[in-house]
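Here the structure is laid out as structure tokens; the discussion comes afterwards.
What follows is calculated from the coordinates using simple rules that are stated; it is not laboratory data. Keep in mind it's a predicted model, so treat the numbers as computed, not measured. Methodologically, a virtual Cβ is constructed for each residue, glycine included, from the backbone with ideal geometry; neighbour enumeration extends over all protein chains shown.
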């Protein structure tokens, strides 16, 4: 079985994928589903007595799934996409940027909060999708420059962290 980690709503989800003839066996947590092909990029499965139809498309490193009209966007979890915002902004992990222009839906931290790497700090809505923005390092929230409902771009930091001093 090939094991993968995907980002789903800002959380890393472990999953497994195995090909069995024309079918795919997918394991997510304790749940295993067998997907049967019914057309190009179209599958069906049975779960808890219900038939579920699934359409799958891949663009670059992102998988788009339509599961009975529920749309999901999955990205294979990598060091680059787990915590990054738009661009590297000089590689400064103390500044947290939106991944794309949008509206802040929720801010989960306030000045003085201690955060861990990959912790969800804020959710930005863009193109009708909620995008979690994660901490790129351990630190203490120094400043929050926006509030829920504010429009943000990719050039102004939403949050600034004070990082622990690194030994020389």
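Taking segment 126-159 on its own, how many of its residues are touching a helix residue (DSSP H, G or I) at 6+ places or on another chain (Cβ under 9 Å) and farther than 30 Å from residue 65 by Cβ? Residues in segment 126-159 being touching a helix residue (DSSP H, G or I) at 6+ places or on another chain (Cβ under 9 Å) and farther than 30 Å from residue 65 by Cβ: 3 in total. Residues that are under 19 Å from the mean Cα position of the chain (by Cα) and exposed (fewer than 11 other Cβ atoms within 10 Å of the Cβ) were ranked within segment 25-57; the one that is nearest to residue 15 (Cα to Cα) is 29.
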